[in-house]
1. Kindly indicate the residue of region 71-80 that is of a type in the set (A, V, I, L, M) and closer than 24 Å to Asn9 by Cβ and also surrounded by the fewest Cβ atoms within 10 Å (Cβ to Cβ) among those meeting that condition.
2. Pairs please, first residue from region 5-34 and surrounded by 10 or more Cβ atoms within 10 Å (Cβ to Cβ), second anywhere and among the aromatic types (Phe, Trp, Tyr) and in a helix (DSSP H, G or I), Cβ atoms under 9 Å, 6+ apart in sequence or on different chains.
3. If you scan region 64-80, which residues turn out to be touching a Leu at 6+ places or on another chain (Cβ under 9 Å) and either under 21 Å from Leu35 (Cα atoms) or touching a residue at least 40 places away in the same chain (Cβ under 8 Å) (or both)?
4. Tell me which residues, restricted to region 31-70, are aromatic (Phe, Trp, Tyr) and farther than 26 Å from Gln8 by Cβ.
5. Name the residues in region 21-64 that are at pLDDT below 90, within 24 Å of Phe6 (Cβ to Cβ) and not basic (Lys, Arg), would you?
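The values are calculated or read from the model by the stated rules, or taken from the named source; none is laboratory data. Remember, predicted model here, so these are calculated numbers, not experimental data. As a convention, Cβ positions derive from the backbone with ideal geometry for all residues, glycine included, and neighbour counts pool all protein chains shown.
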Amino acid sequence: MSQYRFDQNPIEESFAIEWEKENSSRDGRSVLDYLLAEYCNCPRGEVTDRDRQVAATAIQWLGSHVGQSFLENVGNKIKK
């Protein structure tokens with residue numbers, strides 16, 4: 001949703017690009033199809049365009065300054 005931010009924050013762009021690669025369809029289904037399927041081994045088209053937009057936006061956010069801080073905090077808690 002906020003691709004205009006890529007010029008200011010290339011880390012966000014990297015997260016978005018990697019998500020797009022990782023989430024590319026291999027067998028007509030994507031990572032998100034499996035994540036949101038009622039039965040995780042058998043996605044049946046439950047994912048909406050809005051779901052895809054929300055997931056991509058959340059992944060991109062992880063590359064933002066606030067998202068990076070969030071990841072750092074989680075990493076620090078895991079180390080303890």
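1. The qualifying residue surrounded by the fewest Cβ atoms within 10 Å (Cβ to Cβ) is Val74.
2. Every condition considered, the pairs that remain are Glu12/Phe6; Glu12/Trp61; Glu13/Phe6; Phe15/Trp61; Ala16/Phe6; Val31/Trp19.
3. At the first step, the residues of region 64-80 found to be touching a Leu at 6+ places or on another chain (Cβ under 9 Å) are 68, 70-71.
Listed by number, the residues that qualify are Gln68, Leu71.
4. Within region 31-70, Tyr34, Tyr39 meet the criteria.
5. Within region 21-64, Glu22, Asn23, Ser24, Ser25, Ser30, Val31 qualify.
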